[in-house]
Every structure is written in C-alpha cells, then in structure tokens.
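For reference, the structure is listed below as structure tokens.
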Amino acid sequence: MKILLIGSGAREHALARALALDPASSAVTVAPGNPGTARLEKTENTPVDADDPAAVAALAQRIEADLVVVGPEAPLVAGVADAVRAAGIPVFGPDGSAARLEGSKAFAKEIMAAAAVPTAMAHVCTTLAEVEAALDAFGAPYVVKDDGLAAGKGVVVTEDRQAALAHAKGCLDHAEVVIEEYLDGPEISLFCLADGERVVPLAAAQDFKRLRDGDAGPNTGGMGAYSPLDWAPDGLVDDVVERVALPTVRELARRGTPFVGLLYCGLALTSRGLRVVEFNARFGDPETQVVLARLQSSLATALHAAATGDLADLPPLRWSDDAAVTVVISANGYPELPRKGDAITGIEDAESLEGVHVLHAGTSIDDAGALVSAGGRVLSVTATGADIEAARIAAYAGIEKIDLPGSHHRTVIAAGR
Ligand code: AMP
Ligand code: GLY
C-alpha cells in the first residue's frame, strides 16, 4: 500500500514512523513532512500546500496513493479530504462538513445535543451582554471558548472575570464565543477510528495541556502524554464508545455528513459522570506519540479499513502491555512568541537509550546543514517501558541528552497521576 500522509508535526512523525515500520505499507510520502520524517525508511518528504485541496488531490494522483491520511485539522476544514475522495482515492479524514465537529464548537454542541451526548452546558454568544449574562449564570471558574479553530489555544479557563471578559471580547471581534459550565475531574483522550457508521477505539491516553508543571500557565497544544491510563475505571472505553462516539457518528450520518477518520473524544471524568470537553476531527498531538508507540497491529490496514467503510471486518487491534510517555520540548517563548533558529543537538544520544525515540515537530535544517528550531513545539521525546514509571524515567533520560537553548519542558509528565 502506497500512503500519502499530510502534515509536518510530531503527530505526523509518529504516524509516519508507525507506517514505515508496518509491512502493509510499501512507501510513505509525507507532505510536507519535517527533518525527522525525511530520515525514516520507505519514506520521503514532498512539498505541498497542505491546505490546498486541489494540490493535495493532484499529488495523491501523481504518486498513485492507495490511501491518504490527513494529520492536522486545517486541511480537513479546508476540504482536502473532500477533494481526495472526489478523485476516487480512499482518505482517512472527514470531509469539511463533518470536520466542523472540530472547526466550530457551536456546531459540536448542536450535534451533542441532538445525539444526547453528555457535555458541559454552554451558551453560544454573539454580544458582550450575552457573554456577561452567561458568565454570571455559570459562575467561576469561567470557561470562554473561541468558536473557531485555534490550535488548542482559543480556550481560557480562569477565576478572573475581567480576564474571561477580555478573552471573550477578543473572540467576538472575529467569531462567536462559547461560554461553558466548568468541568472538574481528570481529562482523558480517547481516539476512535470511524468509517462513517462504525467506530473502533484506540488505547486511551492523557494529555498535559497547560504550559507549566502543576497545571499552571496558559493552555498549549499539549506538553506531554502517557498511555495506558492505569487509574481509569473499568469499562470506560466501552462507555465512551456507546455514549459518545457511536451516537455522534450516527448523528452525522443521519445528517448526510458521515464522519470517516479519527474522532478524537476529549473527556472529563467529573464528579457527576463522563462529559465531553471537546471533539477533534484528527489524531491528537502529543497523545498520538504514545498511543502509536503501543500499537502492535498494522496501522495502515486499520486506517485503510476506516477509509473504505470496512471497519466491521477489521480484526481486533492488539496493544503492547508496555507503557509509553512523551514529553514535549518547546521553544523559548511558546505559546505566545516562539523563538526560531536555535541549534538542536543530542537527538542521537537520546535515541541510543533503551526504548527512547525522538519525534520532530518545529524543526528545520538551516543553510549550514544544522538542525534548528522552527516552531513552538519542537520535539516529542517518547519512551516505552514496562510501566509508566519506567517509561517516564526513560523519557526524561532522553530529555537530559538534548540541548536547545532557552527551551522549556514540563518536568512531571505522568508522575503523581
Ligand atoms: P478545548 O479546545 O475545548 O479542548 O479546550 C482546551 C482545554 O481547556 C481542555 O482540554 C481543558 O483542559 C480546558 N477546558 C475546556 N473546556 C472546559 C470546561 N468546560 N471545564 C474545564 N476545563 C475546560
Ligand atoms: N493534544 C490536544 C490536541 O491534539 O488537540
């Protein structure tokens, strides 16, 4: 199977790595890819404007791809999957109409209400007066969400009413704003493969969204993750499939916009039960790094089955009993103003450690041929081990070997869960 993978982050490096190791795939083209994907076996990078549906469809035809896998949300919302599907090529990723589940928080709320999926109560506001009324109705802590795509950074959770109002004002300049009830309790990420009708859950993971240890600092795209969740209640995955993923997929099918791709269920286990915090229409980053580190079945076969409506025939997925932990190294200034161009060294030393691999995100090769930082989240240092503790120790041993001036990472990912 020839595969075209769209994207250039650590999530795509993790996907490309799993596909490159998979005997079911013969060649992997990553567009545009990053310096890490360039080094994988069976894999090559090709430039493309990932948000241009016609360009991606043309590339898929040119390389005679058997399967296209779309990593990030922006191409999905832009209609890249629609264009590839229209060209007759199986694509793992929803059409733009179904990707609105991630692209518009107001649309996601509408689908959840129609499908009776448990989620936070919310008001969609178009004026500041509505925002003030909703903040008063729910009380602190306040949860204020930009309606549109914001790479995980459009949400403010705060006790400070002025800060909540200020964020809402900023959002109202360009979109609607969603004010929500605050959800307490631990968060989990459960990814489900969806073929338009059926879903197959992957292993659950937990992400660390805030920039700093102790869940302080601003929300980010995610600073680390681990899997499995040894503390999660029995039956959690089945519960999410039955009460969240399946009703959502059925509601979208009923509306004539079937969801084919990765339904990312972001959940809070609150004192009042399971609640959806958010849906995404693609693999999560950095959770993918730990989920795929544990997958033993063929990823290419599973994604192809979802893309072609054949999940019913997919054999049960097999998972390693090992645990996986990933820790993100971010650039100085992330998330506000990440600094670029700093030299990165020590990756080979990190990867010489047992069970450690390093995934690239915001990296590039400079004119002198050196690896330098080129984005907010720069690397995901990922490790497997017999249990979470062993994987965590290995991941931090890897971190110790890597040098990126001014960089930041959280120091207690997966500890004291
Ligand atoms: P979202 O983009 O909707 O996933 O929100 C990003 C992050 O903000 C989530 O992962 C949570 O950590 C936090 N968050 C979002 N909604 C709520 C909520 N209703 N209550 C508490 N925290 C929330
Ligand atoms: N790690 C959160 C996300 O991918 O949205």
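Looking across the stretch 294-303, the residues that are under 17 Å from Val68 (Cα atoms) and open to solvent by 20 Å² or more (accessible area, probe 1.4 Å) come down to Ser298, Thr301. Here is a check on your reading of the model: is Ala306 crowded, with 24+ Cβ neighbours inside 10 Å and either in contact (Cβ under 8 Å) with a residue 60 or more places away in the chain or within 15 Å of ligand 1 (Cβ to nearest atom) (or both)? Judged against the criteria, Ala306 is a match. Per the conditions (1) within 25 Å of Gly376 (Cα to Cα); (2) open to solvent by 10 Å² or more (accessible area, probe 1.4 Å), the sole criterion not satisfied by Leu314 is (1). Checking each residue in the stretch 115-148 for being touching a Gly at 6+ places or on another chain (Cβ under 9 Å) and either farther than 22 Å from Arg100 by Cβ or assigned to a loop (DSSP other than H, G, I, E, B) (or both) picks out Pro118, Asp147, Gly148.
What are the residues in the stretch 223-243 that are closer than 16 Å to Gln289 by Cα and either at pLDDT below 95 or part of a strand (DSSP E or B) (or both), if any? Let's see the steps before the verdict.
Let us first name the residues in the stretch 223-243 that are closer than 16 Å to Gln289 by Cα, namely 223-229.
Of everything in the stretch 223-243, those that are closer than 16 Å to Gln289 by Cα and either at pLDDT below 95 or part of a strand (DSSP E or B) (or both) turn out to be Gly224, Ala225, Tyr226, Ser227.
Starting from residues that are within 16 Å of ligand 1 (Cβ to nearest atom) and not in a strand (DSSP E or B), keep the ones in the stretch 244-268 and report whichever is farthest from Phe191 (Cα to Cα). So the residue we want is Thr248.
Suppose the filter is open to solvent by 10 Å² or more (accessible area, probe 1.4 Å) and either within 16 Å of ligand 1 (Cβ to nearest atom) or within 18 Å of Ser189 (Cα to Cα) (or both); does Asp349 pass it? No; evaluated as a whole, the condition is false for this residue.
Just one residue in the set Glu278, Glu287 is in contact with an Asp or Glu (Cβ under 7 Å, 6 or more places away or on another chain), under 17 Å from Ala204 (Cα atoms) and within 16 Å of ligand 1 (Cβ to nearest atom); that residue is Glu287.
Checking the stated criteria, Ala24 turns out not to satisfy the condition of being in contact (Cβ under 8 Å) with a residue 40 or more places away in the chain and within 22 Å of Gly79 (Cβ to Cβ). Step by step: first the residues of the stretch 64-113, then only those that are at pLDDT below 95 and basic (Lys, Arg), then the one that is farthest from ligand 1 (Cβ to nearest atom). Which residue is that? Only one residue fits best here, namely Lys109. Taking the stretch 209-222 as the range and being open to solvent by less than 30 Å² (accessible area, probe 1.4 Å) and assigned to a loop (DSSP other than H, G, I, E, B) as the test, the residues that pass are Thr220, Gly221, Gly222.
Restricting attention to the stretch 58-70, the residues that are over 22 Å from Asp310 (Cβ atoms) and open to solvent by less than 30 Å² (accessible area, probe 1.4 Å) add up to 1.
Can you tell me which residues in the stretch 120-140 are open to solvent by 30 Å² or more (accessible area, probe 1.4 Å) and either within 21 Å of the chain's Cα centre (by Cα) or within 11 Å of ligand 1 (Cβ to nearest atom) (or both)?
Step one: list which residues in the stretch 120-140 are open to solvent by 30 Å² or more (accessible area, probe 1.4 Å), which gives 121-124, 126-130, 132-133, 136-138, 140.
Passing the criteria: Met121, Ala122, Phe138.
When residues in the stretch 317-344 are screened for being over 24 Å from the mean Cα position of the chain (by Cα) and loosely packed, with under 14 Cβ neighbours inside 10 Å, 2 of them pass. Annotation: of all residues in the stretch 243-291 being β-branched (Val, Ile, Thr) and open to solvent by 10 Å² or more (accessible area, probe 1.4 Å), the one that is farthest from ligand 2 (Cβ to nearest atom) is Thr257.
Going residue by residue through the stretch 381-392, is there one that turns out to be open to solvent by 10 Å² or more (accessible area, probe 1.4 Å), touching a residue at least 40 places away in the same chain (Cβ under 8 Å), of a type in the set (A, V, I, L, M, F, W, C) and touching a helix residue (DSSP H, G or I) at 6+ places or on another chain (Cβ under 9 Å)? So far as the stretch 381-392 goes, no, none of its residues is open to solvent by 10 Å² or more (accessible area, probe 1.4 Å), touching a residue at least 40 places away in the same chain (Cβ under 8 Å), of a type in the set (A, V, I, L, M, F, W, C) and touching a helix residue (DSSP H, G or I) at 6+ places or on another chain (Cβ under 9 Å). Against the list (1) more than 30 Å from Ala394 (Cα to Cα); (2) at pLDDT 95 or above; (3) surrounded by fewer than 21 Cβ atoms within 10 Å (Cβ to Cβ), the condition Pro201 fails is (1). Across the stretch 2-25, the number of residues qualifying as more than 16 Å from ligand 2 (Cβ to nearest atom) and within 14 Å of Leu299 (Cβ to Cβ) comes to 12. Looking across the stretch 121-140, the residues that are among the small types (Gly, Ala, Ser) and closer than 16 Å to Glu176 by Cβ come down to Ala122, Ala129, Ala133, Ala134.
The values are calculated or read from the model by the stated rules, or taken from the named source; none is laboratory data. Treat the numbers as computed from the prediction; the structure is a model and nothing was measured. Note: ideal-geometry Cβ built from the backbone for every residue, glycine included; neighbour counts use all protein chains shown. Accessible surface is based on the protein model in full, side chains and every heavy atom, while ligands, DNA and RNA are left aside. Shrake-Rupley method; radii C 1.70, N 1.55, O 1.52, S 1.80 Å.
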